[in-house]
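The values are calculated or read from the model by the stated rules, or taken from the named source; none is laboratory data. Values in this document were obtained by computation on a predicted structure and should not be read as measured data. A quick note on method: Cβ atoms are made from the backbone with ideal geometry, for glycine too, and the neighbour counts reach across all protein chains shown.
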Amino acid sequence: MNKLCVVNYIHGEKYQGFIPLYIISLKESYPDYHIRLYIDKTLNKDTREAVNILSEYYGGIYVVENYAEHTKFTKKAISIQQIQRCQRWLFYDEAFLDYEAIYIGDIDLLICREDKPLFEQHKLHCQIVGAPYSNISRAAGKRRFNPRIIARNVIKFGPLQSLKYYFGKNEPVIKLSGLHFVLTKEYYAKVKSVIDDFYDELNLLAVGKSNRYNLCSFNNEAMLRDLVMDAGFNDCQLSTGLPYNIETDASKAAYRPHHGIHLGIFRSPVIVEAEESIISSELYKNYYKQFCDIKKTEVYKRVSCKFSEHLNNLITVMEKYYSNT
């Protein structure tokens, strides 16, 4: 059995553009890890050519196109972004059981090698949590009574959902994160039994008939926490207010490292400023040094001509930031 498969769900042309660099960074950092990419439609020409080239250098790369056709969501449910994002938590592939663990991540991360490898870090964290998953629990933002937001909710989700939301119980919402590691055999042995219940509930939510969720406040990461709790697993220690994303000590409540550079941070000056404490950390500076080494490889030089304009722009902003620090 293989040790770990990194799994990504990609929606839209823009996010396909991250695929080549993600594969290179993962395989240069952890050659023995496999990667499975689930694409909502089909690969565009440049990305397909890049993946074909990368397959000449590395093994263990699998691409599943049009995967969304095999989920159990209605067309209405798929049209709602937060429900669409739940596909990564509810989609199940028998191929997952070929691995001791899978790590569901974000495609706009540049994976880097760490002293303790990704698999060993999260397996230790599973033991600490006492559950076959590794993630982080956080409190969601409080209900906002901003007139503009209220008007947007009424237009987007209808007056009935809005009334229920603003005049209903204001219970705290706890969510996990979008970086989710699971020990496949133990995790899916229980989660599979509740997956269909969530499909049914979210299809009802899409038409405003859910008794559990409200469209105005629904969040896919909060649903992920409900999924693991309904499956009977322990919850993670609440970490709100702690500096997660760069915490690499699995014994800390804030443990939820990026395992590399989150390229999405560099999409605007506002986000760069907001995430200054992360990208200026010694951890991120070390990640950037690894990126500079990756740039020197033959495979990077050969494939970088296939990078999307959006990805190249992010790389340029990142390089400019670190050249000034």
Qualifying residues in the stretch 284-325 (those that are closer than 16 Å to ILE265 by Cβ and of a type in the set (A, V, I, L, M, F, W, C)) - the one surrounded by the fewest Cβ atoms within 10 Å (Cβ to Cβ): VAL317
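Report yes if some residue within the stretch 280-289 is out of contact with any helix residue (DSSP H, G or I) (no Cβ under 8 Å at 6 or more places or on another chain) and aromatic (Phe, Trp, Tyr); otherwise report no.
Looking for residues that are out of contact with any helix residue (DSSP H, G or I) (no Cβ under 8 Å at 6 or more places or on another chain) and aromatic (Phe, Trp, Tyr), one finds at least one in the stretch 280-289, hence yes.
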Total residues in the stretch 177-201, condition in contact with a Gly (Cβ under 7 Å, 6 or more places away or on another chain) and part of a helix (DSSP H, G or I): 1
Helices (runs of 4 or more DSSP H) (entirely within the stretch 63-147) containing at least 1 residues that are surrounded by fewer than 19 Cβ atoms within 10 Å (Cβ to Cβ) and without any contact (Cβ under 8 Å) to a residue 60 or more places away in the chain: 75-78, 81-84, 118-129
Yes/no for ASN211 being at pLDDT below 90, more than 22 Å from LEU124 (Cα to Cα) and not in a strand (DSSP E or B): yes
Residues of the stretch 241-288 satisfying the condition of being assigned to a loop (DSSP other than H, G, I, E, B) and either under 19 Å from SER323 (Cβ atoms) or touching a Cys at 6+ places or on another chain (Cβ under 6 Å) (or both): SER268, GLU275, SER280, SER281
Near pairs, Cβ below 9 angstrom, 6+ apart or cross-chain, from the stretch 289-304 (in a helix (DSSP H, G or I)) to any residue that is exposed (fewer than 13 other Cβ atoms within 10 Å of the Cβ) and modelled with pLDDT under 95: none
Conditions (1) out of contact with any Lys or Arg (no Cβ under 8 Å at 6 or more places or on another chain); (2) modelled with pLDDT of 90 or more; (3) surrounded by fewer than 19 Cβ atoms within 10 Å (Cβ to Cβ); (4) part of a loop (DSSP other than H, G, I, E, B); number of the one not met by LEU204: (4)
Test set (1) buried (at least 17 other Cβ atoms within 10 Å of the Cβ); (2) out of contact with any helix residue (DSSP H, G or I) (no Cβ under 6 Å at 6 or more places or on another chain); (3) within 30 Å of LEU90 (Cβ to Cβ) - GLY264 fails condition number: (1)
Residue check for ILE271: within 22 Å of PHE73 (Cα to Cα), of a type in the set (A, V, I, L, M), under 20 Å from the mean Cα position of the chain (by Cα) and surrounded by fewer than 19 Cβ atoms within 10 Å (Cβ to Cβ): no
